[in-house]
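Q: One structure follows; several queries about it will come next.
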Amino acid sequence: MLSIKNLQAKIEEKEILRGINLEVKAGEVHAIMGPNGSGKSTLASVLAGREDYEVTGGEVTFDGKDLLDMDADERAREGVFLAFQYPVEIPGVSTTNFMKTAINQVREHRGEKPLDAVSFLKLMKEKMKLVDIDQSLLSRSLNEGFSGGEKKRNEIFQMAMLEPKLSILDETDSGLDIDALRIVSNGVNALKSKDNATIVVTHYQRLLDYIVPDFVHVLYKGRIVKSGGKELALELEEKGYDWIKEEAEAAV
Ligand SMILES: Nc1ncnc2c1ncn2[C@@H]1O[C@H](COP(=O)(O)OP(=O)(O)OP(=O)(O)O)[C@@H](O)[C@H]1O
């Protein structure tokens, strides 16, 4: 589904990604971990097509198409979803209206008819239940005045509504209380299918107790320096990153 080859990117003349290689197949969950500043958020942002970053080398294909050639909107319409570390607030636009527009854009792109009001409401109800989100939240301006946990929950709700092929969750565990963490994780797990894939950027093994990854990758200084199964996250929790850094430095 997603193939990243030797991806390099910089921001304001600072080289951040220095040759990322990653293959993600349909049905898989990949966790990206790594010390602060290693480039995790940059990778997520580059994949979603945020413009502040300059891709300086490498290639990324998504379902056989050149992802780097598409702008952020096209990527979203193709089925890439990025849950931001700090979701934006959009005053004056309710989540409901925002979702209606977003869904119908995706449907149009797929050559499908827009959802009528009844079907849209039915879908909203079904997905609201999945993430246990309150109706009153959805009629308020998008993310405005939402608590950290409410924003995160709202993001997972958007993801549930859009049913993306590839979801990239950037530190979705930050700011979630224990119950919300469980609800968000349950939502992510309930959406998991053999046809979609998830990349979770996280600092904590705790999230991976709920969203169980098939693969764990460690990013360090802009490269994936170690990959393994979910046991790698446990090892990191126990031993920290020093041993990984030493291994990576020795290999250079
Ligand atoms: N706008 C920017 N201008 C300059 N440097 C930036 C900018 N954005 C990111 N960086 C730098 O790029 C590096 C990688 O940042 P990134 O946010 O991708 O790391 P991260 O692995 O997600 O870190 P964390 O775990 O702390 O969230 C950092 O050194 C950061 O300071």
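Q: Out of Glu13, Glu78, I need the residue that is within 11 Å of the ligand (Cβ to nearest atom) and more than 22 Å from Lys245 (Cα to Cα). Which one? Before you say what the answer is, go through the steps one by one.
A: Numbers: Glu78 fails: within 11 Å of the ligand (Cβ to nearest atom).
Of the residues listed, the single one that is within 11 Å of the ligand (Cβ to nearest atom) and more than 22 Å from Lys245 (Cα to Cα) is Glu13.
Q: If the requirement is being away from the ligand (no atom under 16 Å from the Cβ) and among the small types (Gly, Ala, Ser), which of these qualifies: Gly145, Gly222? Give the derivation first.
A: Working: Gly222 fails: away from the ligand (no atom under 16 Å from the Cβ).
Residue meeting the stated conditions: Gly145.
Q: Inside segment 59-79, can you point out the residues that are within 27 Å of Val225 (Cα to Cα) and surrounded by 14 or more Cβ atoms within 10 Å (Cβ to Cβ)?
A: Glu59, Val60, Thr61, Phe62, Asp63, Leu67, Leu68
Q: Moving on. List the residue pairs whose Cβ atoms are under 7 Å apart, where the first residue sits in segment 37-62 and is closer than 22 Å to Lys165 by Cβ, the second is more than 12 Å from the ligand (Cβ to nearest atom) and part of a loop (DSSP other than H, G, I, E, B), and the two are 6 or more positions apart or on different chains.
A: Close Cβ pairs (under 7 Å, with a partner that is more than 12 Å from the ligand (Cβ to nearest atom) and part of a loop (DSSP other than H, G, I, E, B)) amount to Gly49/Met70; Gly49/Asp71; Phe62/Met1.
Q: Still on this model: Just give me the residues in segment 24-57 being near the ligand (Cβ under 9 Å from one of its atoms), among the charged types (D, E, K, R) and at pLDDT below 90, in sequence order.
A: Asp52, the sole residue that qualifies.
Q: I've got another one for you. Within the bounds of segment 132-141, is there any residue that is outside any strand (DSSP E or B) and modelled with pLDDT of 85 or more? Outline the logic, then answer.
A: Quick first cut of segment 132-141, residues outside any strand (DSSP E or B) only: 132-140.
Subsequent filtering for residues that are modelled with pLDDT of 85 or more retains none.
No; the residues of segment 132-141 include none that is outside any strand (DSSP E or B) and modelled with pLDDT of 85 or more.
Q: Only residues that are away from the ligand (no atom under 12 Å from the Cβ) and of a type in the set (A, V, I, L, M, F, W, C): list them for segment 199-219, please.
A: Ile199, Val200, Leu207, Leu208, Ile211, Val212, Phe215, Val216
Q: Take the residues of segment 157-216 that are part of a helix (DSSP H, G or I) and of a type in the set (Val, Ile, Thr): which is surrounded by the fewest Cβ atoms within 10 Å (Cβ to Cβ)? Please lay out each step first, then the result.
A: Restricting attention to segment 157-216, the residues satisfying the condition of being part of a helix (DSSP H, G or I) are 157-162, 178-191, 205-210.
Remaining after also requiring of a type in the set (Val, Ile, Thr): 178, 183-184, 188.
Numbers: Ile178: 8, Ile183: 21, Val184: 27, Val188: 24.
Among those residues, the one meeting the criterion is Ile178.
Q: Does any residue of segment 175-185 turn out to be of a type in the set (Gly, Ala, Ser), in contact (Cβ under 8 Å) with a residue 12 or more places away in the chain, in contact with a helix residue (DSSP H, G or I) (Cβ under 8 Å, 6 or more places away or on another chain) and within 16 Å of the ligand (Cβ to nearest atom)?
A: From segment 175-185, those of a type in the set (Gly, Ala, Ser) are 175, 180, 185; that's our starting set.
Right, trim to in contact (Cβ under 8 Å) with a residue 12 or more places away in the chain and you get 175, 180, 185.
From what is left, the residues that are in contact with a helix residue (DSSP H, G or I) (Cβ under 8 Å, 6 or more places away or on another chain) are 175, 180, 185.
Those still in the list that are within 16 Å of the ligand (Cβ to nearest atom) too: 175.
The answer is yes; a qualifying residue exists.
Q: Does segment 67-75 contain any residue that is in a helix (DSSP H, G or I), touching a residue at least 12 places away in the same chain (Cβ under 8 Å) and within 16 Å of the ligand (Cβ to nearest atom)?
A: no
Q: Given the conditions (1) loosely packed, with under 15 Cβ neighbours inside 10 Å; (2) over 18 Å from the mean Cα position of the chain (by Cα); (3) under 30 Å from Ile16 (Cβ atoms), report the number of the one that Gln135 does not fulfil.
A: (3)
Q: Is it true that Thr56 is more than 17 Å from the chain's Cα centre (by Cα), loosely packed, with under 15 Cβ neighbours inside 10 Å, among the hydroxyl-bearing types (Ser, Thr, Tyr) and more than 30 Å from Asp242 (Cβ to Cβ)? First the steps, then the outcome.
A: Numbers: more than 17 Å from the chain's Cα centre (by Cα): yes; loosely packed, with under 15 Cβ neighbours inside 10 Å: yes; among the hydroxyl-bearing types (Ser, Thr, Tyr): yes; more than 30 Å from Asp242 (Cβ to Cβ): no.
Spelling it out, it is not the case that Thr56 is more than 17 Å from the chain's Cα centre (by Cα), loosely packed, with under 15 Cβ neighbours inside 10 Å, among the hydroxyl-bearing types (Ser, Thr, Tyr) and more than 30 Å from Asp242 (Cβ to Cβ).
Q: Another one. Mind checking which pairs have a first residue in segment 1-22 that is outside any strand (DSSP E or B) and a second that is of a type in the set (Gly, Ala, Ser) and buried (at least 17 other Cβ atoms within 10 Å of the Cβ), Cβ under 7 Å, 6 or more apart or different chains?
A: Met1/Ala197
The values are calculated or read from the model by the stated rules, or taken from the named source; none is laboratory data. Being a predicted model, the structure only gives us computed values, none of them experimental. FYI the Cβ positions are ideal-geometry reconstructions off the backbone, even for glycines, and counts take in every protein chain you see.
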